[in-house]
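Trainee: Okay, handing you the structure first.
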Amino acid sequence: MEEKRKVKTSVRFKSQSMPKSEKCCLDSGTNNDPEEEPPGKRSMSGDLEEEPPGSHNMSGDLEKEPASHIAATRYKFFKDIPDTIWNDWKWQFRNRITRVEQLTQFIPLSAKEQAQLRLVTMRYPMSVTPYYLSLINPDDPEDPIRKQAIPSALEMTMGAVGLEDPLGEKEDTVVPGLVHRYPDRVLLVLTDICPVLCRHCTRKREWRNGGWVQTPAQVEAMLMYISQHKAIRDVIISGGDPLTLSNRHLEAVISRIREIKHVEIIRIGTRFPVVLPQRIDKELCTMLAKYGPIWLNTHFNHVREITPEAGEACDRLLRSGIPVNNQSVLLRGINDSVEAQTALCHGLLKIKVRPYYLFECDEVQGTEHLRTPVEAGIKIIEGMRGHTSGLAIPTFVIDLPQGGGKVPLQPNYVVAQSEAELVLRNYEGRTFRYRNPGERQDLESAAEALPAAHGAAGYLAQEPAANVG
Ligand code: SF4
């Protein structure tokens, strides 16, 4: 029986390969490091377990059951993978599903769909970790996780709509990999590699470049620029996903940034807590904790992504002194309803992650089918405000084209307005009059008039309203 399982496991993954440059990413700076095994070396035929993997306890101290469909999907497709291997982020990374032939082992696709997806992946590649794949209900074509990770023919048929680089990042690139748009902060892109290629990605244009990591010379040039520009107080390390790099590689960059005196905070943009939370392990958190203040922005889009594993990853970050914020993207058929956003934000608060931004999906080529009208976002915020705690409500923003920056959009609660008064509607639609205090340029003269106009007893005897101008 065990021998049979070994064979099944190796057959399932034997044809999976990784582009050469991606291997460089994982190996980067690690080829001589005995702690960082080269991809493909570890045996997948260790101790096999009889129970469904979903019933296993990850941390050993709490009994945590993933949602039943997740356990069922993982058990159905990955039952031969023991927890020790399943929870090894490098195994997950090495065994990403990147080809349509592999995908058909997990998700039923007609011959026509397969042919279409082959065409799509020639332009926009696919990459899905086994973990993230296990969150998909394979029998539901409308599954919200599936729509984020599995290519769609619409990426090509509507592919002419939109722009390659809608945010104009190329124009704001000051040295390769470093975007300087706002005076006090820069975006530092270390790699274009991500564990999951999200179909709505703003930097989809980079996917065709085959996976790159900045060279040491390029990193030096970025650090030099930051050290020479004293107004920069906030460095955002993003990608691609910077956590695809080894801890040693990351530390080499982060420690250098921390040495620059005028840099106050470092932010890391990563989707690992969502698509491969096993990466957020003790070693990574211990390393990051040395270089605080570090803030981490992640990218949950649907409540089903908030698994026990994801919650544990965020908890490890928080316990290491790294606040975690969420930046979700409003996506058609995935999270474009009040119910979906409320469930997502409530789920985030339960794992102590702050819902920070809800982005209108950028007008990127190949994502038009996932974009919603702007009004949908405003209606969602309106549907949440007053109905749930303010902490659960993200700021809805549009990132303007050509580097115009972020603009927050809110429902309009002002029914009428004059210099003296506003008429406001509340979340129930009831209207209220609100006296506008105005600029109060009369305050000084009113204060001066107090002792001359009134004796203390007479003044205090007046109705309070008379004392207020
Ligand atoms: S993790 Fe971010 S950068 Fe990477 S594919 Fe997804 S949206 Fe794009």
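The values are calculated or read from the model by the stated rules, or taken from the named source; none is laboratory data. Just so we're clear, the structure is a prediction, and the values are computed from it rather than from any experiment. Cβ coordinates were reconstructed from backbone atoms using ideal geometry, including for glycine residues, and neighbour counts include every protein chain displayed.
Trainee: Might you let me know whether the stretch 327-339 holds any residue that is more than 30 Å from L284 (Cα to Cα), without any contact (Cβ under 8 Å) to a residue 12 or more places away in the chain and surrounded by fewer than 16 Cβ atoms within 10 Å (Cβ to Cβ)?
Mentor: yes
Trainee: Looking only at the stretch 229-243, count how many residues are acidic (D, E) and away from the ligand (no atom under 16 Å from the Cβ).
Mentor: Looking only at that region, the number is 1.
Trainee: Still on this structure, I have one more. Need at least 3 residues that are in contact (Cβ under 8 Å) with a residue 12 or more places away in the chain and out of contact with any His (no Cβ under 6 Å at 6 or more places or on another chain) per element, so show me which helices (runs of 4 or more DSSP H) inside the stretch 126-181 make the cut, counting only ones lying wholly within it.
Mentor: 130-133, 144-149
Trainee: Does the stretch 177-191 include one or more residues that are at pLDDT 90 or above, within 16 Å of the ligand (Cβ to nearest atom) and farther than 23 Å from Y124 by Cβ?
Mentor: Yes, there is a match, as at least one residue in the stretch 177-191 is at pLDDT 90 or above, within 16 Å of the ligand (Cβ to nearest atom) and farther than 23 Å from Y124 by Cβ.
Trainee: Return the only residue of I237, I193 being more than 30 Å from D83 (Cα to Cα) and among the β-branched types (V, I, T).
Mentor: I237
Trainee: Residues being buried (at least 16 other Cβ atoms within 10 Å of the Cβ) and not aliphatic (A, V, I, L, M): count how many of those fall in the stretch 105-135. Talk me through it step by step, then tell me what you get.
Mentor: Here is the first cut: in the stretch 105-135, the ones buried (at least 16 other Cβ atoms within 10 Å of the Cβ) are 106-107, 109, 113, 116-117, 120-121, 124-135.
If we keep only those that are not aliphatic (A, V, I, L, M) too, we end up with 106, 113, 116, 121, 124-125, 127, 129-132, 134.
Qualifying residue count for the region: 12.
Trainee: Would you pick out the residues in the stretch 155-189 that are surrounded by 17 or more Cβ atoms within 10 Å (Cβ to Cβ) and within 12 Å of E363 (Cβ to Cβ)?
Mentor: Residues satisfying the conditions are M158, G162, D165, P166, L167.
Trainee: With the requirement that a residue be surrounded by 13 or more Cβ atoms within 10 Å (Cβ to Cβ) and outside any helix (DSSP H, G or I), what does the stretch 392-405 give you?
Mentor: If the condition is that a residue be surrounded by 13 or more Cβ atoms within 10 Å (Cβ to Cβ) and outside any helix (DSSP H, G or I), then I393, P394, T395, F396, V397, I398, D399, L400 are the ones that fit.
Trainee: Let me ask another. Would you please name the residue that is farthest from the ligand (Cβ to nearest atom), looking only at residues in the stretch 244-278 that are assigned to a helix (DSSP H, G or I) and of a type in the set (S, T, Y)?
Mentor: Within the stretch 244-278, the first condition is being assigned to a helix (DSSP H, G or I), and the residues that meet it are 244, 247-259, 272-275, 277-278.
Okay, now just the ones that are also of a type in the set (S, T, Y), so 244, 255.
Working: T244: 9, S255: 24 Å.
Looking at residues that are assigned to a helix (DSSP H, G or I) and of a type in the set (S, T, Y), I get S255.
Trainee: With respect to G211, is the statement that it is more than 12 Å from the ligand (Cβ to nearest atom), surrounded by fewer than 23 Cβ atoms within 10 Å (Cβ to Cβ) and on the phi > 0 side of the Ramachandran plot true?
Mentor: So G211 does not fit the description; no.
Trainee: Considering only residues that are in contact with a helix residue (DSSP H, G or I) (Cβ under 8 Å, 6 or more places away or on another chain) and in a helix (DSSP H, G or I), look in the stretch 214-228 and name the one that is nearest to the ligand (Cβ to nearest atom).
Mentor: Applying the filter and picking the extreme gives V219.
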